[in-house]
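The values are calculated or read from the model by the stated rules, or taken from the named source; none is laboratory data. Only a predicted model underlies this, so the values are computations on that prediction, with no experimental measurement involved. Quick reminder, even Gly has a Cβ in these numbers, built from the backbone with ideal geometry, and neighbours come from all protein chains shown.
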Amino acid sequence: MTDQEPDIGSLETEMNRGFLHILVLALLEKDMYGYSMVKHIETLGYKVEENTLYPLLRRLEKNGWVASKWDMSEDRPRKFYAVTAAGRALRASLLEIWKTQNRILDKIAKENVHVQ
Amino acid sequence: MSNKLEAYLEEISHYLSGRAEREEILSEIRSHILEKAAAEHGGTDDAAVDRAIDAYGPPRRVAERYAEDRPIIAPAYKRYLVRYTSLLFAFHAFLTVVAVVFQKDFVIFPFLFMPRLNVFTALMYLPTAFLADLGVVAVVLYFVTQSGKDVKLPWPKFGVDLDEVKPPKASVWQLVGRIIGAVVMLAITDFALYLFVRYKTIFLYSLHGGDFKPILTPGAGRYVSLIVIAMLAVSTIANLIRIFTRTRWVNVVSNVLSLGLIGLLLGQSFDGLFAMPIAEKALPAIRYSVRFSLLFVAVMIAIELVKDLVRLGHRKLARSGIGGERIPGSDLQNRG
């Protein structure tokens, strides 16, 4: 081991994959359009790249976890997204996995404290 | 609307080509960029749109994020690419040798057409054949991968599994062996040259301890002797180079040259070849045994050549990771 800061770039990307799914499925409990989601996530202290969000929304929609519709009433057309019943079920399952993983890591952290 | 925005979307569209939802994707991106330009850069004029586009990212990278996270060829099939290509190429090379020796066309419709080849066109043909074989195998493995099914492909074993052959460790004794080999080859080549300078041929015989007499007629003797001396020289030079470097390219080049020279020998007519008296009945047997021996040596050299090319190709593929290559940028998907 060195004292150098480890490069966690690619690992962070891997971890973000699952988290972004849960985050988007949670956010879309109310209808939102892409730009408003990016800005809202920023206010939560997180950042999602715009060109990452839209492909993710597309995949979620393809699987039936998110539904979308264009709103043409404003000056500019906006595409609004909302979570579906299947999306809520998926979110619950993902959250359960995430909690289990957290619990396991907490336990190991406590075990490690005793070891040290 | 900004021309730059249209050009930007057009370029993304180019990379998304063929996707059914292309128009929908472009509409989403257009909407987002105009939204961002208006909200963060004070309007939808060219300057504001340009800034929003810059923040959105290069077109190719944007398009790549829509690509499915599926490899072009599944990593599990990476070894198959090398294995199948080498088998196919060995078959191809064998047919090439046959086409040169027997001067016949081959058609295995619709997979293969091999015209009559002479030695030099055959040498030009072999690299093309290798690339074609590699392409055919890659296309098959691509379709197998894209089918998404768990296809169990046969795994033919070679006598010696090339993947399991470990490169020999360089030792002093090996170096000594190489030096001895090079010296011996040099001596043989020198002796052959000496014979050639003195007798204009290296094929001689002597009955009951008498004078040396040429086995072959003067013209044929000179021609065949020169080819054999050239083969010895190639082998000598390769052995000398191997003292200083272990690169397989030395083997490849020397084997290609040797194959070409053997091809020239095979092309030699046997009519009126011998200067010494030979029974008419024995001629066909001699002709066939010489041709068979040369063909056998050619096949052995061709096998060595294929092995070296496969090893070189394997190393190159491993370095570039082509077998397990994922669609560019697919690992960036969902990056936050």
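Observations on the structure shown:
Yes/no matrix, rows are residues, columns are (1) of a type in the set (Val, Ile, Thr); (2) touching a Leu at 6+ places or on another chain (Cβ under 8 Å); (3) in a loop (DSSP other than H, G, I, E, B):
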{"residue": "B:ARG246", "(1), (2), (3)": "no, no, yes"}
{"residue": "B:GLY260", "(1), (2), (3)": "no, yes, no"}
{"residue": "B:LEU265", "(1), (2), (3)": "no, yes, no"}
{"residue": "B:ASP271", "(1), (2), (3)": "no, no, yes"}
{"residue": "B:MET276", "(1), (2), (3)": "no, no, yes"}
{"residue": "B:ALA285", "(1), (2), (3)": "no, no, no"}
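- Checked against (1) of a type outside the set (A, V, I, L, M, F, W, C); (2) within 14 Å of another protein chain (Cβ to nearest Cβ); (3) under 23 Å from B:GLY267 (Cα atoms), B:PRO127 passes all but condition (2).
- Members of the range B:28-62 that are charged (D, E, K, R), under 18 Å from B:SER13 (Cα atoms), surrounded by fewer than 17 Cβ atoms within 10 Å (Cβ to Cβ) and free of Cβ contacts under 8 Å to residues at least 24 places away in the same chain: B:ASP54
- Unique residue being at pLDDT below 90 and closer than 20 Å to B:VAL197 by Cα when the list is B:ILE262, B:ILE215, B:ILE243, B:ILE278: B:ILE215
- Residues (among the aromatic types (Phe, Trp, Tyr), closer than 23 Å to B:ILE262 by Cα and surrounded by fewer than 19 Cβ atoms within 10 Å (Cβ to Cβ)) located in the range B:78-124: B:PHE91, B:PHE94, B:PHE102, B:PHE106, B:PHE120
- Residue in the range B:53-68 that is within 19 Å of A:GLU49 (Cα to Cα), more than 9 Å from chain A (Cβ to nearest Cβ) and more than 44 Å from the chain's Cα centre (by Cα) present: yes
- Checking each residue in the range A:58-102 for being within 26 Å of B:SER27 (Cβ to Cβ) and among the hydroxyl-bearing types (Ser, Thr, Tyr) picks out A:SER68, A:SER73, A:TYR81, A:THR84.
- Selection status of B:ARG222, at pLDDT 80 or above and either farther than 30 Å from B:TYR205 by Cα or in contact with a Lys or Arg (Cβ under 7 Å, 6 or more places away or on another chain) (or both): yes
- Tally, over the range B:9-48, of residues that are away from every other protein chain (no Cβ under 12 Å) and either of a type in the set (A, V, I, L, M) or over 23 Å from A:MET32 (Cβ atoms) (or both): 13
- Some residue of the range B:183-204 being surrounded by 11 or more Cβ atoms within 10 Å (Cβ to Cβ), modelled with pLDDT of 80 or more and within 28 Å of the chain's Cα centre (by Cα): no
- Residue check for A:ARG17: among the charged types (D, E, K, R), at the interface with chain B (Cβ under 8 Å from one of its Cβ atoms) and surrounded by 12 or more Cβ atoms within 10 Å (Cβ to Cβ): yes
- Filter pass, A:LEU44 being surrounded by 17 or more Cβ atoms within 10 Å (Cβ to Cβ) and either without any contact (Cβ under 8 Å) to a residue 40 or more places away in the chain or away from chain B (no Cβ under 12 Å) (or both): no
- Residue match in the range A:54-63 (condition: more than 23 Å from A:GLN101 (Cα to Cα), within 13 Å of chain B (Cβ to nearest Cβ) and acidic (Asp, Glu)): yes
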